[in-house]
Amino acid sequence: MAKAQITIPLDIPDVRVLQTSVSERGEIIITIESTKAGTPCRKCGKWITKLHGRDEWVTIRHLPALGRPSYLRYRPNRYQCQDCAGQPTTTQNLEWHDANSPHSFAYDNHILLLLVNSTVEDVSLKENLSYERVTGTLERRVESRVDWTAIAEIEILGLDEIALKKGHRAYVTLVTGRLHSGELRILGVLPGHEKAEVIDFLRLIPFRILQTVQAVCCDLWEAYMEAVRQELPTARLVADRFHVAKHYRHAADQIRKQDQKARTATFEERTVNRSVSKTQRQFSSLSKKRRKPQQRRTENLETLLRAFRLCQTGLCFAGTIDCHLQHELIQETSSI
Ligand SMILES: [Zn+2]
């Protein structure tokens, strides 16, 4: 019996689907061609429509479908200008792909949205992409211009810090806007995470849109909060629950570690105390001749115990001494 099939819209303007197939690895391969006629000449900027041929096949990553990665395959159209000297040719400019990118615009947006409240490593694992491919997406969007005319209002503005472990940037800021319809839109990627950079970006937002911002959601990074308080004083500042949870987890972990340390210390002190009493009992029952070596051990244990207590009360602050001492105590007591 034939498997049930479905048809879903590709949501890419001005293209025709020539073929769809599924690769051996289960990836969806969609072969398309552009139906847009012409492009602006790269020299004079005039709209040119004389087709000069097609470039080599290009394969780019696109949005996943039904849990499978998908790829678009196409041959870019090349047009020739009849007016410029030497009649130069220009590769067609597309609304859905930038010639230097291995991703469609839609896939770049998908990656950026995955980065909200996440890390480059996590997204690279989830999407099976290299670290560089994920940061490449961020780099392509740094300082790109926002088409504000396409936005009527922003209900919640989001500022997300993304830590980069490699490359010349340590952090970038992802700016998102949740629209009234619930749609989450990428507004920009700032090259850093400093207050001045955020302020510069907020000042680019037209006043008619700024007025509609009800809340700004960000992590607890002071630079973000200061920039928002200064530029959007009436908007509610909301700490992202992801970041609040992160701080709670950190605090809980610190308490757990302190408690663990205290328990271990008490346990070790008890063990040593027991050993000292035991050695003292043994010592008193020994003949005079055999007392001498045991006396040294009792004295040694008592000194160690005193030093250990000193460390525990914080009078001795050298951590390494504390460590050596614990090791010595454990050795000494285990030999009894
Ligand atoms: Zn021209």
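Within segment 107-130, is even one residue of a type in the set (Asp, Glu), over 21 Å from Val22 (Cβ atoms), within 16 Å of the ligand (Cβ to nearest atom) and touching a residue at least 24 places away in the same chain (Cβ under 8 Å)? Within segment 107-130 (the criterion being of a type in the set (Asp, Glu), over 21 Å from Val22 (Cβ atoms), within 16 Å of the ligand (Cβ to nearest atom) and touching a residue at least 24 places away in the same chain (Cβ under 8 Å)), the answer is no, since none of the residues qualifies.
Within segment 182-204, being among the aliphatic types (A, V, I, L, M) and either out of contact with any strand residue (DSSP E or B) (no Cβ under 7 Å at 6 or more places or on another chain) or over 15 Å from Arg229 (Cβ atoms) (or both) holds for Leu184, Ile186, Leu187, Val189, Leu190, Ala196, Ile199, Leu202, Leu204. List the pairs whose first member sits in segment 34-63 and is over 20 Å from Asp98 (Cβ atoms), whose second member is of a type in the set (A, V, I, L, M, F, W, C) and away from the ligand (no atom under 13 Å from the Cβ), and whose Cβ atoms are under 6 Å apart, counting only residues at least 6 apart or on separate chains? As it stands, the answer is Thr49/Ala37, since those pairs meet every condition given.
Within segment 94-151, the set of residues being under 13 Å from Ala163 (Cα atoms), of a type in the set (Ser, Thr, Tyr) and either in the same structural domain as Ile29 (by TED's automatic domain parsing) or in a helix (DSSP H, G or I) (or both) comprises Tyr131, Thr135. The strands (runs of 3 or more DSSP E) found wholly in segment 1-72 and carrying at least 1 residues that are within 16 Å of the ligand (Cβ to nearest atom) occupy 50-54.
For segment 81-100, the criterion of being of a type in the set (A, V, I, L, M) and either over 30 Å from Val172 (Cβ atoms) or touching a Phe, Trp or Tyr at 6+ places or on another chain (Cβ under 6 Å) (or both) is satisfied by at least one residue.
For every residue, the table says whether it meets (1) surrounded by fewer than 13 Cβ atoms within 10 Å (Cβ to Cβ); (2) farther than 18 Å from Tyr107 by Cβ; (3) within 31 Å of the chain's Cα centre (by Cα).
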site	(1), (2), (3)
Gln5	yes, yes, no
Ser23	yes, no, yes
Ile32	no, no, no
Thr35	yes, yes, no
Thr39	no, yes, no
Gln80	no, yes, no
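Does Gln80 satisfy the criteria of being within 16 Å of the ligand (Cβ to nearest atom) and not assigned by TED's automatic domain parsing to the domain that holds Ile186? In short, yes.
Yes/no matrix, rows are residues, columns are (1) of a type in the set (A, V, I, L, M, F, W, C); (2) within 24 Å of Leu10 (Cα to Cα):
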position: Lys46; (1), (2): no, no
position: His97; (1), (2): no, yes
position: Pro102; (1), (2): no, yes
position: Ala106; (1), (2): yes, yes
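For the residues Val189, Val198, Val175, Val216, the requirement of being under 24 Å from the mean Cα position of the chain (by Cα), of a type in the set (Val, Ile, Thr), in a helix (DSSP H, G or I) and at pLDDT 90 or above singles out Val198.
The values are calculated or read from the model by the stated rules, or taken from the named source; none is laboratory data. Owing to the predicted nature of the structure, the values given are computational and were not obtained by experimental measurement. A quick note on method: Cβ atoms are made from the backbone with ideal geometry, for glycine too, and the neighbour counts reach across all protein chains shown.
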